[in-house]
């Protein structure tokens, strides 16, 4: 399959729509300044073939896409004990909802909403520097040295009142072990890691390789069973309130972030990333979803 021409066609078809739909995230001041007129897409196959188009080489803040990789570390370290304090069901509520968290006594519905990712950060913080571990894992997976965007991290900490409320509520229910400022700093810093589409497509490669490292195939990042479970969680919970719509229209495990990035996985075939900063009402990239739907239509690759 000639992936490069497919990606070129997708970007060319969607380019006239740039800046016409959605809004960039404005609840984090540093993200509000990102130009909306950007679209990049990249992929890497299990055999190492790569293709990229548009703004695929422009770095952006990965935001909630980082939750996939912090969850990977937590599954490595804790196994099934991780699920003592975190659920595995779609939320049906906004990703930063306080109401559901209080009703369910401080146990987040899944690890991909904010409360769930904060709970994961807490478990990782009990072992050491959680944000540094996420950064090191991502650097290893994409085979490049990565950095935290310090401006975005500071902006998140300055504006993170809702996340502070979520962490405080979980702490009150006895579901957070470490000091809240330490946990939130880890969470904000992991969300502020800068990557481009090529790097994220490479980094997610272990999820299409049954858990094997994308550059060191003899090394397991997670077990085959854990890779299947990560993909399942991405499919059911990875795109906020739109997981059902993504499954219906795209049919691939996906994890999105309010920075405009979405990673997707075709098991045993490839991993890909699309980025466009303008978001829809659910906090997912508007053109990113369109691009993934076009990719599936053109390649006929789907888990269904």
Could you tell me how many degrees, from 0 to 90 and to the nearest 10, lie between the Cα long axis of helix 161-172 and the main elongation axis, the longest principal axis, of the Cα atoms of the chain? 50
Let me have the 222 nm mean residue ellipticity of the chain computed from DSSP H runs of 4+ only, each contributing -39500 (n - 2.57), with the sum over all residues rounded to the nearest 500. -13000 deg cm²/dmol
Expressed as a fraction of 2.2 N^0.38 Å, the rule-of-thumb size for a compact globular protein of N residues, what is the C-alpha radius of gyration of the stretch 240-280? 1.15
Under 8 Å for C-alpha pairs, at least 6 residues apart: give me the relative contact order for the stretch 1-106, rounded to a whole percent. 19
Hey, rough spin-label estimate for residue 80 and residue 161, points 7 angstrom out along Cα→Cβ, what's it come to in nanometres? 4.3
Can you classify the stretch 151-192 as rounded, prolate or oblate using the Cα gyration tensor, where a ≥ b ≥ c are the square roots of its eigenvalues, rounded means a/c under 1.5, and otherwise it's prolate if a/b beats b/c and oblate if not? prolate
Using the number of other C-beta atoms within 10 angstrom as an exposure proxy, rank 125, 154 with the fewest first. 154, 125
Bin width 5 Å, alpha-carbon pairs only: give the P(r) of the stretch 78-169 as whole percents, running from 0 to the bin holding the largest distance. 3, 12, 19, 21, 20, 15, 8, 2, 0
Put in order of increasing Cβ neighbours within 10 Å, starting from the fewest, 129, 224 give 224, 129
C-alpha long axis of helix 66-78 to longest principal axis of the chain, angle in °: 60
What are the equivalent ellipsoid semi-axes of the stretch 207-304, built from the alpha-carbon gyration tensor (square roots of five times its eigenvalues), in whole angstrom, biggest first? 23, 14, 13
If I fit a long axis through the Cα atoms of helix 130-142 and take the longest principal axis of the Cα atoms of the chain, what angle between them do I get, 0 to 90°, rounded to 10? 20
Among 157, 75, which comes first, then next, by fewest other beta-carbon atoms within 10 Å? 157, 75
Rg/Rg_globular for the chain, with Rg_globular taken as 2.2 N^0.38 Å and Rg from C-alpha atoms: 0.91
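Rule-based calculations on the coordinates, nothing more; no lab input. Owing to the predicted nature of the structure, the values given are computational and were not obtained by experimental measurement. Please note: Cβ atoms are built from the backbone with ideal geometry, for glycine as well, and neighbour counts cover all protein chains shown.
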